[in-house]
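See structure below.
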Amino acid sequence: MSDSHSAMTLPSNPQARRLARVITAMNTSDGAGVRLRRSLGSGEGTRLDPFLMLDEFSSENPGDYIAGFPSHPHRGFETVTYILDGHMRHEDHLGNQGDLKSGGVQWMTAGRGIIHSEMPQQEEGRMRGFQLWINLPAREKMKPAGYRDIQADEIPVRALTGGGRVKIIAGTVTISSEVLTGPISGLTTEPVYLDVELPAGASFSQPLPRGHNAMAYVFEGNLQLAGDSRMLPTHSGAVLSDGDRVDLIAGSTGARFLLLAGLPLNEPVVQYGPFVMNTVEEIEQARSEEHTSELQSRLHL
Ligand code: FE2
């Protein structure tokens with residue numbers, strides 16, 4: 001992140017990003033019947049390179065989440081699971097086990113293949129969080145799988161001078177001259193992943209590298225871009241135009257949103273469910289290996 005961050009602080013004529021389009025989250029279900037809201041990846045033309053999918057799950061009703069995501073494969077991309085409330089357990093065929101608790105993040109690189117389960121460890125109470133899918137460049141799609149649990153206390157959080165606070169899951173933020181970098185760095189797609197909470201009328205500005213795609217996803221209250229009268233309601237994603245920074249203002253009930261940005265890969269995307277590759281042939285290979293590969297034979301979930 002450091003090179004792009006230093007570069008993006010020096011534009012001679014910095015330009016604010018504008019609202020390019022709004023993606024409204026759609027109600028759907030996945031896994032063994034987990035109810036969720038899908039914004040990115042919900043239909044034709046809703047990917048935002050390098051982001052493939054964004055799911056928000058939030059329910060007080062165990063029937064909406066208890067079935068979880070039993071053993072399933074992935075290949076060719078990364079998943080980032082951020083739990084706001086609740087407790088989820090992850091197990092994969094490589095022997096990794098992780099407990100995701102409130103405020104924690106699991107960053108999983110599927111690479112050439114992983115088979116895992118993601119199961120709620122609570123039978124009552126609110127389960128709330130997000131799963132983001134980030135594509136891998138062609139040259140990294142078949143790298144070994146990787147996995148990292150990030151506990152809540154590893155994620156920098158700072159109060160904003162105008163009210164509210166920001167959590168830095170990935171990317172770099174400067175607050176009152178303090179430069180803070182999230183626990184995830186060094187990825188080709190240079191992701192920015194912030195969780196920002198603002199009281200009514202408060203603002204938040206963030207430099208973003210020119211050329212990187214970006215979206216603000218509102219999950220509480222409502223939000224506006226500075227200079228734009230359109231109000232973004234809860235459960236909507238504001239895809240931003242290109243520029244050097246974004247200036248956001250919370251609406252009358254305050255706002256809580258994710259700010260996501262990443263370097264577009266500009267490569268062909270061929271997706272079949274949990275496999276995301278560059279060609280149909282690669283997808284067919286993944287599907288054939290799903291049932292016959294060493295992945296399957298080593299599965300002990
Ligand atoms: Fe998964």
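Taking the stated definitions as given, is P264 within 16 Å of the ligand (Cβ to nearest atom) and under 20 Å from the mean Cα position of the chain (by Cα)?
no
Report, by residue number, each residue of the stretch 216-238 that is surrounded by fewer than 17 Cβ atoms within 10 Å (Cβ to Cβ), without any contact (Cβ under 8 Å) to a residue 40 or more places away in the chain and within 17 Å of A16 (Cα to Cα).
S229 - this is the single residue of the stretch 216-238 that is surrounded by fewer than 17 Cβ atoms within 10 Å (Cβ to Cβ), without any contact (Cβ under 8 Å) to a residue 40 or more places away in the chain and within 17 Å of A16 (Cα to Cα).
Among the listed residues A67, A110, identify the single one that is aliphatic (A, V, I, L, M) and more than 11 Å from the ligand (Cβ to nearest atom).
One residue alone meets the criteria, A67.
From the set of residues in the stretch 129-143 that are open to solvent by less than 20 Å² (accessible area, probe 1.4 Å) and not hydrophobic (A, V, I, L, M, F, W, C), which is nearest to the ligand (Cβ to nearest atom)?
Going through the qualifying residues, I end up with G129.
Inspect the stretch 165-188 for any residue being open to solvent by 50 Å² or more (accessible area, probe 1.4 Å), among the polar types (S, T, N, Q) and touching a Lys or Arg at 6+ places or on another chain (Cβ under 9 Å) and give the result as yes or no.
Checking the stretch 165-188: at least one residue is open to solvent by 50 Å² or more (accessible area, probe 1.4 Å), among the polar types (S, T, N, Q) and touching a Lys or Arg at 6+ places or on another chain (Cβ under 9 Å).
Can L19 be described as under 24 Å from A286 (Cβ atoms), at pLDDT 90 or above and out of contact with any Pro (no Cβ under 7 Å at 6 or more places or on another chain)?
no
Does any residue in the stretch 79-107 that is more than 20 Å from A170 (Cα to Cα) and free of Cβ contacts under 8 Å to residues at least 24 places away in the same chain come within less than 8 Å, Cβ to Cβ, of a residue that is of a type outside the set (G, A, S) and open to solvent by less than 10 Å² (accessible area, probe 1.4 Å) six or more places away or on a different chain, and which pairs are these?
Q97/H90
If the Cβ limit is 8 Å and pairs must be 6+ apart or interchain, which residue in the stretch 29-58 that is farther than 17 Å from P274 by Cα and surrounded by fewer than 22 Cβ atoms within 10 Å (Cβ to Cβ) pairs with which residue that is among the acidic types (D, E) and modelled with pLDDT of 95 or more?
If the second residue must be among the acidic types (D, E) and modelled with pLDDT of 95 or more, the pairs left are R37/D55; R37/E56.
Kindly indicate whether H116 is within 16 Å of the ligand (Cβ to nearest atom) and in contact with a strand residue (DSSP E or B) (Cβ under 8 Å, 6 or more places away or on another chain).
When the stated conditions are applied, H116 passes them.
Step by step: first the residues of the stretch 93-105, then only those that are surrounded by fewer than 23 Cβ atoms within 10 Å (Cβ to Cβ) and part of a strand (DSSP E or B), then the one that is nearest to the ligand (Cβ to nearest atom). Which residue is that?
G98
The values are calculated or read from the model by the stated rules, or taken from the named source; none is laboratory data. The structure presented is a predicted model; accordingly, all values stated were derived computationally and were not measured. Positions of Cβ are backbone-derived with ideal geometry, glycine not excepted, and every protein chain shown enters the neighbour counts. Note: accessible area is taken over every heavy atom of the protein model, side chains too, but ligands, DNA and RNA are not part of it. Shrake-Rupley method; radii C 1.70, N 1.55, O 1.52, S 1.80 Å.
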